[in-house]
Amino acid sequence: MSVFLSQQGFEVEDAGCGREGIKKTLTSRPDLVLLDYELGDMTGHDAAFWLRYMRRTRAIPVVALSAAGADPVKAAGFRAIKSCKGVIIKTQPLDKILAEIKAALGMR
């Protein structure tokens, strides 16, 4: 996904786990955070929760990009977080994923 988004003109930064992603978000302040559900050391829901409640990251929109998005309970958990701007099932075609990411960023 990182390679695809880079090819589409996005500046992309990866993280190996949830804690690393939160630290990078605190320092780089991206326009959008894409989260999988399984992050190794925590769930994407946990990471989204912490990003929402830290002063320096609360305004950054979050989008869940995960196979877990097909699970209605997990998807609802993400959507309940105010900064969550979408839940994308990562098995969708890339053009649909790109369209949803652009929508979350306010691009058309």
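Descriptive notes on the structure:
- Partner lysines for K90 [C-alpha distance under 17 Å; skip if fewer than 8 residues away on the same chain]: K74, K102
- Segment 2-104, dipole about Cα centre (Lys/Arg Cβ +1, Asp/Glu Cβ -1), debye to the nearest 20: 540
- Two-decimal Rg to Rh for the chain - Kirkwood Rh, Cα set: 0.92
- Residues F78, F4, F49 in ascending order of nearby Cβ atoms (within 10 Å, fewest first): F4, F49, F78.
- Adding -39500 (n - 2.57) for every DSSP H run of four residues or longer, then dividing by how many residues the chain holds, sets the calculated 222 nm ellipticity at -12000 deg cm²/dmol.
Read the figures in this text as sums done on the coordinates, not as results from a lab. Just so it is clear, the structure is predicted and the values come from calculations on it, not from any experiment. Using ideal geometry, Cβ is built from the backbone for each residue, glycine included, and neighbour counts are taken over all protein chains shown.
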